[in-house]
1. Residue by residue through region 166-212, note down the ones that are surrounded by fewer than 19 Cβ atoms within 10 Å (Cβ to Cβ), of a type in the set (S, T, N, Q) and in a strand (DSSP E or B).
2. Please name all residue pairs, on different chains or six or more residues apart, with Cβ atoms under 7 Å, provided the first residue is in region 207-234 and is on the phi > 0 side of the Ramachandran plot and the second residue is open to solvent by 30 Å² or more (accessible area, probe 1.4 Å) and of a type in the set (S, T, Y).
3. Scan region 158-176 and tell me whether some residue there is at pLDDT 95 or above and among the small types (G, A, S).
Amino acid sequence: MPELEDDSRSEYEDRISSALRGLCAEAPAALPLPYDTVRRRGKGRRSRRRAAALAAVAVCAVGLLGSAAILPGRQQGSVAPPVTASTPVPSTGESAPPAREVAGYVDLAAHAVRVQAGGATLRTMPATAGRPAYPTPTGAMKVADKQASLHVSSSTGPTIQPSGGGEYDLTLDWCVRLLAEDGRSTYVCAMNWYGPAVLGRENRTFGAVGLGTEDARWFFDNVRVGDPVQVVNPESPVPGSTPG
């Protein structure tokens, strides 16, 4: 990203932040099921089908063994005891996958994004978020979806106009959309044009959370859809409500 003059940087930031606000407004509110939940439910269905099949085999065995007891040349005492549908089904040995303990924490006052697992901090990253006029929404959220490259354009959608008007055509890297239960959402994306003078020091966006490119890639790679992310602003008693 080339160095930009202050006016050009401000216009560029306005376009990107406006595009992200439009995406949040048009993004679906439904949160897809986490992969672990889908996998666990699939295993449950397979176990139930296996148990039903074994029960059917057991019923057939009862009939066959009962007939064998009265066939010529058979000794009644040699007949195996009948197997009923209530006979316990042996365990397959499969165990449920361990629950994920990865969680994100965005501190707007400290200008930082932290990721934890099992109570231990994996990484803390300097960030920038919504300026006072466009606060980043706060509260309990979850990762709704992820896009390694997010393209937004005034001609192809979403249909919005950037701050100050004009056309825009932007591609943002390593974007993670966060979604609250009430439908509010925001993005965490690479915004390396801010640089160390802003990241970790002040909030300059129009509501989205910006990270350096390396940190945004790490965040993208280490969180999954459905992981919880808590967004807090200790300096503000009222949670923000404007998607960024």
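The values are calculated or read from the model by the stated rules, or taken from the named source; none is laboratory data. Computed from a predicted structure; not experimentally measured. All Cβ positions, glycine included, derive from the backbone under ideal geometry; neighbour counts span all protein chains shown. The accessibility values were calculated without ligands, DNA or RNA, using every heavy atom of the protein model including side chains. Shrake-Rupley method; radii C 1.70, N 1.55, O 1.52, S 1.80 Å.
1. Of everything in region 166-212, just one residue is surrounded by fewer than 19 Cβ atoms within 10 Å (Cβ to Cβ), of a type in the set (S, T, N, Q) and in a strand (DSSP E or B), namely T171.
2. G207/Y134; G207/T242
3. no
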